[in-house]
Amino acid sequence: MGDANDTAKGQEVQIVTPVQQETIPFYGHELVAVVLEDGTICAVMRYLCESLQLDTSGQLERLQRKTALRKGVVRVWVNTPGGKQDMPALTLKVLPGYLFTIDEHRVKAEAREDVILFQTECVEALADYFRRKRGSSDRLPALVDLPSGRIVESVPSVSPLDVQRVAQIGEIAEQIVQMAGVIGFLREHMQALLALPGQVEAMATQLTQALTLLEALAGRQEATETQLATTDAQLAEVDQRTKGLTPAHKRAIIDQVQDMVKLTRGQPAPLTYQTIYGPLNRRYHAASYSEIPDERFEEALTFLREMVRRATHGEAPEQGSLF
């Protein structure tokens, strides 16, 4: 039994059997991802939506309304405690674009921080997980090719600015679809003008409104293209200014955090992913632990060890700014 809209207008939907299924821990949530026969990595929507307290059916309907995003929706068989079920999943090609359509101010208050975490780190976390699953060497290539959504060996890790750029490209595609709809609207009213001469004045007013809308859409597209150019410049500047943790040091931080959560489970002041990553990121003025300067790696480990020492001695984690 599937999650929403198994068929569309009477057409059968192909359900794909993955070659691999994994459950990935992510800031206290569990994501389910699958790998298809051609190497494509997909995130199962049900677990994404449950983590963000969103309705899966409603989100799937939103995806179907966006041409650029619905091409990345795949129906897959998923093993669950209740048996095998078919569920919609998103390829990593379109996952960033979808996540950036979620407005953090329009979700439940308790889910806002999770929305931001998913938008900035979810894609990279899934890619890192499958990269580590393969047991690669210290200099690990990224395994996700955003243009194709498949596992490759030569594409670098996805940065937050890359994710933002994909979302902006999806926005341009949506605007193009809107412009095509306006053109169809104009054609229909031109035909109506020829068929009903008595309604010329009213049709002329509607035609003027449609042309105004078309000009506004064209202006929005130009503004978005300008923003894309600015994003490229920002990406180049960040690459020159910032050198984050190496892949090996990232894995060391992740392993340390997982050990801290396990070690303090059942303690008077247990640590969670959020109570660890939040203070760590604030201490180093970083949006993500991966942006911590690599030369401060040992200092970051010392900070984490002090945090777990406090927790095991019954001291609550410090609140607010830690610098």
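Against the list (1) free of Cβ contacts under 8 Å to residues at least 24 places away in the same chain; (2) in contact with a His (Cβ under 9 Å, 6 or more places away or on another chain), the condition R106 fails is (2). Within the range 236-254, being aliphatic (A, V, I, L, M), within 21 Å of the chain's Cα centre (by Cα) and modelled with pLDDT under 90 holds for one residue alone: V238. Checking the range 93-106 against the condition returns no match, with no residue being over 30 Å from G244 (Cα atoms), among the β-branched types (V, I, T), surrounded by 18 or more Cβ atoms within 10 Å (Cβ to Cβ) and modelled with pLDDT of 90 or more.
The requirement of being at pLDDT 80 or above, touching an Asp or Glu at 6+ places or on another chain (Cβ under 7 Å) and in a helix (DSSP H, G or I) is fulfilled somewhere in the range 217-228, by at least one residue.
The values are calculated or read from the model by the stated rules, or taken from the named source; none is laboratory data. Note that the structure is predicted; figures quoted are calculated from it, not measured. Cβ sites come from the backbone with ideal geometry, for glycine too, and all protein chains shown count toward neighbours.
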